[in-house]
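All remarks here apply to the structure that follows.
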Amino acid sequence: MDEVKNATGRTNPFLVPYNTPHDTVPFERITLEDYEEAFLEGIRRDEEAIEDLVNDPAEPTFENTIIRTDESKGPHYYDLLDRVSNVFSCMLGAETNDELDALAQKMSPLLSKHANDVAFNEKLFQRIKHVYHHHRELTAEEQMLLDNAYNGFVRSGALLDKEGKDTLRKLTEEASILCLQFSQNLRKETKAYTLHITNIGQLKGLPETALEAAAEAASERNLDGWVFTLDMPSYLPFITYAENRELRKELFTVNSQLCTHDNDTCNLAICQRLVNLRREMAQLLGFETYADYVLVQRMASSTARVYQLLNDLIDAYKPVALKEHAEVEQLAKRLEGDDFVMQAWDVSFYTHKLKMEKHNLDPEMLRPYFPLHKVIEGVFGLATRLYGITFKENNDIPVYHPDVKAYEVFDRDGSYLAVLYADFHPRKGKRNGAWMTEFQGQWIDRKGNNIRPHVSLVMNLTKPTPQKPSLLTLGEVETFLHEFGHALHGIFANTRFQSLSGTNVWWDFVELPSQFMENYATNKEFLHTFAFHYQTGEPIPDELIDRVRKSSTFMAGKTGLRQVSLGLLDMAYYTLSTPFEEPILPFEKKAWEKALIAPLPEKSCMTTQFSHIMSGGYAAGYYSYKWAEVLDADAFSMFKEEGVFNSTTAQRFRDEILSKGGTEHPMTLYKRFRGKEPTIEALLERSGITPKK
């Protein structure tokens, strides 16, 4: 497209060099129309490049076929479709609106059709197949790229006959639309609810920080009093501290029944259809279940190994969890009377009271020591200490919302390494949760230029109020560290091919860098670098840190069992080999029954809001969090042996894990770093749990 101006004479920013610092996205210049135009032009360029490739008369080689399918399309220095897709998908999660959502619905079938057109291009597959069977000696990274290219086509239906391809095309296009609808429904229903309180007497027990945040939320809506939402910085304090049991019940009930009602945002039918679509896809490709299809490209490799991990953890966690839950119940009866029956909306409330009684520790005690600006300094400083990298805020880098900060990242030698965006607080256009993504990945172009990544951290941390800065809980500090671990995986990417760089790894390996960073959250030496009282400047007392560390295994059994239960639910859906026709609520309760220690309210439903396994890429993969937890505990045990701030060990972790992306099998990378395969013992030891003999 030689003419980059559209019919109105305006230049579409996606079609030309951005001319911004480090070629970062010029958000302020992008309009809604630019997305659609760039998508359509990107698809056209892809089709043109593929047509040129398949009509190349030369014998297919690794260079003229495999590399050409991985790098930029056509004569441009970037892949336009990737360029616009990265920005668009980031905005759908972090800063969307009704118009953007509508455009997503419009573009989803077109993008799915294009992906299928590529996957089912017989001439292209035959070229890749030829190289797969006839190629020169390759490096490990080149071999991985070739394997991924060939297997990607096979797993996308390249070996199917025409009827099979047509069927698979319909299934994938429908699934793409349903995933989008699931996410949009969940965000809309989550953001639609507010609990508006005008009587302060109903808010007894809530800490000052929660009341100030709720007052600010009311003010933003031009309301008097206090407003509570389902955003975690609002929901969690309410469910933990509010003495008004009926209001706790209301908030819990709304949150636990999201997208289950007979209205436009119901996800029940969508979830059932997604489960069936994925099963049908897998069976069309020769697998009995969707889990069998997925696990071929996972460290776990089989459903048997996943269930072995989950069952081993149930054996270890459940006896401990039962005792922990009984202890909370006993406290509740002691406070409320022997006839008191603890319900799901009471658990957090009385668990907090038990923690105060046993450890004299309230999350609110820690908030004053965790002002966000100091936590940023601490987390960045930890990366400097471990890896020698530094961060410099650059206000000339465009951002998509005033809340977002943009940083340049520099390596130990002062060379430019990456751009890091940090988006900290909840707002209307942002979905719940926390995640890392990229506006631009890393790769090395044909001229040898190392194209550096633009990484984005998106979180929903406590907002500042007119009275106080953003003061975080320890849990929010851990969330920051977790997502920052993902960011480091992207920042340190140093691979030749973009499709293998950064977090482009198997899903049960991707959580290792993130969960590894959480180990520092309660390290005394780390906390003393940044945890100073926001008013007095006094450092966090050692005695308080000691209480935090002693309480680190508090409710470890219940917490671990909760993660296992979600893994069981995920596997129950995706190990189905026959049509899923059972109502979701009873299926869900049966699926994770083995990991439950107390009954849940009859109408509560996790499935309809379980983004990870419905729309987020973790279908048949939620066990990955526990799998990676085994890896991170084992990896950190080496740091404990050699020094948790040992820069030599950290450099080895960077060189063998963080910079390598998906260039080799993850166990190969891990063993090269650790010297051996991981075991479950380090995880159980960290949790204070003795494994079952």
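Structure notes:
- Condition check for residue 256: out of contact with any Phe, Trp or Tyr (no Cβ under 8 Å at 6 or more places or on another chain) and open to solvent by less than 20 Å² (accessible area, probe 1.4 Å): yes
- Any chance residue 399 is hydrophobic (A, V, I, L, M, F, W, C), open to solvent by 40 Å² or more (accessible area, probe 1.4 Å) and not in a strand (DSSP E or B): yes
- Close Cβ contacts (under 8 Å, 6 or more residues apart or on different chains) running from residues in region 90-112 that are within 21 Å of residue 171 (Cα to Cα) to residues that are open to solvent by 50 Å² or more (accessible area, probe 1.4 Å) and polar (S, T, N, Q) comprise 105/181.
Yes/no per residue for (1) small (Gly, Ala, Ser); (2) open to solvent by 30 Å² or more (accessible area, probe 1.4 Å); (3) touching a Phe, Trp or Tyr at 6+ places or on another chain (Cβ under 8 Å):
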residue	(1), (2), (3)
301	yes, yes, no
304	yes, yes, no
313	no, no, no
330	no, yes, no
335	no, yes, yes
355	no, yes, yes
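- Region 611-629 residues that are within 17 Å of residue 184 (Cβ to Cβ) and open to solvent by 10 Å² or more (accessible area, probe 1.4 Å), paired with ones that are basic (Lys, Arg) and not in a helix (DSSP H, G or I) (beta carbon under 7 Å, 6 or more apart): none
- Consider region 632-650 and keep the residues that are within 25 Å of the chain's Cα centre (by Cα) and not aromatic (Phe, Trp, Tyr). The one that is most open to solvent (accessible area, probe 1.4 Å) is 637.
- Only one of 572, 521 that is assigned to a loop (DSSP other than H, G, I, E, B), of a type in the set (A, V, I, L, M) and open to solvent by less than 40 Å² (accessible area, probe 1.4 Å): 521
- Subset of region 171-190 [open to solvent by less than 50 Å² (accessible area, probe 1.4 Å) and either among the basic types (Lys, Arg) or under 30 Å from residue 218 (Cβ atoms) (or both)]: 183, 184, 185, 186, 187, 189, 190
- Being open to solvent by 40 Å² or more (accessible area, probe 1.4 Å), modelled with pLDDT of 95 or more and within 30 Å of residue 262 (Cα to Cα) holds for only one residue in 602, 588, 582, and it is 582.
- Residue within region 85-102 that is touching a strand residue (DSSP E or B) at 6+ places or on another chain (Cβ under 8 Å) and either hydroxyl-bearing (Ser, Thr, Tyr) or on the phi > 0 side of the Ramachandran plot (or both) present: yes
- Elements of type helices (runs of 4 or more DSSP H) contained in region 213-317, each with 2 or more residues being in contact (Cβ under 8 Å) with a residue 60 or more places away in the chain and within 30 Å of residue 366 (Cβ to Cβ): 232-241, 245-256
Residues checked against (1) more than 19 Å from the chain's Cα centre (by Cα); (2) assigned to a strand (DSSP E or B); (3) at pLDDT below 95:
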| position | (1), (2), (3) |
| --- | --- |
| 426 | no, no, no |
| 430 | no, no, no |
| 437 | no, yes, no |
| 457 | no, yes, no |
| 460 | no, no, no |
| 463 | yes, no, no |
| 476 | no, no, no |
| 480 | no, no, no |
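- Whichever residue in region 232-252 is open to solvent by less than 40 Å² (accessible area, probe 1.4 Å) and in contact with a Ser or Thr (Cβ under 8 Å, 6 or more places away or on another chain) and, among such residues, is farthest from residue 199 (Cα to Cα): 233
- Among the residues making up region 472-500, a single one is open to solvent by 10 Å² or more (accessible area, probe 1.4 Å) and of a type in the set (A, V, I, L, M): 474.
- Residue check for residue 59: surrounded by fewer than 17 Cβ atoms within 10 Å (Cβ to Cβ) and not in a helix (DSSP H, G or I): yes
The values are calculated or read from the model by the stated rules, or taken from the named source; none is laboratory data. No experiment lies behind these values; they were computed from the predicted model shown. Cβ sites come from the backbone with ideal geometry, for glycine too, and all protein chains shown count toward neighbours. Each accessible area value is taken on the protein alone, full model and side chains, heavy atoms only, with ligands, DNA and RNA left out. Shrake-Rupley method; radii C 1.70, N 1.55, O 1.52, S 1.80 Å.
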